[in-house]
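The numbers here are math on the coordinates, done by the rules we state, and not lab data. Since this is a predicted model, take the numbers as computed values, not measurements. Cβ sites come from the backbone with ideal geometry, for glycine too, and all protein chains shown count toward neighbours.
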Amino acid sequence: MHRGRFAPTPSGELHMGSLVCALASFLDVKKRGGEWLVRIEDVDALRCRTEFEYSILRELERHGLQWDGSVVRQSEREELYLDCLKELEQRGLVFRCFCSRASLRSSGYLENCHGELIYPGLCRSRSDGQQRSYRGMQSSLRFAIGSGQYQFDDLIHGAVSGDVALEVGDFVVRRADGYI
């Protein structure tokens, strides 16, 4: 079954660009007979407000975009995500990283075409002893990317391929401040 979703951050009113994205997602999944879900990205407690969430949902309804099932809130799924992170740790697929974006940027590491830093793998190879020397410091968790090409067929762009290790590097799955 096809499944699509719209995941707004309730930090302000729904703007035209987000409405267009929601409509495209809705039409695409409905054309295929699938489910369209709404997931509220409310994990940034400083910026997100309940009144904006209600306003966004009302605006979707006003434009005839009715979602299937219940609205899901990221803030209510933390236990699920922590269980997944625990499994990734047990399988050795994530590692602690003590690098900040500012330290990586000031060290002159490469950026990709989107202006995002390509993580150079600094903490991936730290020994347990080196990791212990950072005890008490905040750390993020990064997913250890393997090498190799990915490829998929995009409805608009056709065949798309690349190499995540070269284009992004090991990416953050839990920020140092605890956000997942």
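Values as computed for the structure displayed
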read-out	value
Gaussian network model of the chain, springs between alpha carbon atoms under 10 Å - residue of R142, R101, R32 with greatest fluctuation	R32
Positive-end extreme of charge dipole, the chain - chosen from G17, G92, M137 (charges on Cβ)	M137
C113-R39 FRET efficiency (beta carbon distance; Förster radius 35 Å; 0.05 resolution)	0.80
Karplus (6.51, -1.76, 1.60) ³J(HN,Hα), θ = phi - 60°, over segment 143-148, in Hz, Gly and Pro reported as x	7, 7, 7, x, 7, x
Inter-part distance where segment 137-180 and segment 38-115 are each reduced to a Cα centre, Å	15
Of G69, G108, G158, the one that fluctuates the most in a GNM where the chain has Cα springs shorter than 10 Å	G158
9 Å beta-carbon shell around S140, net charge (K/R +1, D/E -1)	+3
Gaussian network model of the chain, Cα within-10 Å springs - most flexible of H15, H114, H157	H157
Relative contact order %, the chain, counting alpha carbon pairs below 8 Å whose residues are six or more apart	17
Phi to ³J(HN,Hα) by Karplus 6.51 cos²θ - 1.76 cosθ + 1.60 over segment 11-24, Hz, x for Gly, Pro	10, x, 5, 5, 9, 4, x, 5, 5, 5, 4, 4, 4, 4
Amide H partners (placed H, <5 Å) of R73, local residues excluded	I40
Principal semi-axes in Å for segment 1-119 [√(5λ), Cα gyration tensor, largest first]	31, 19, 17
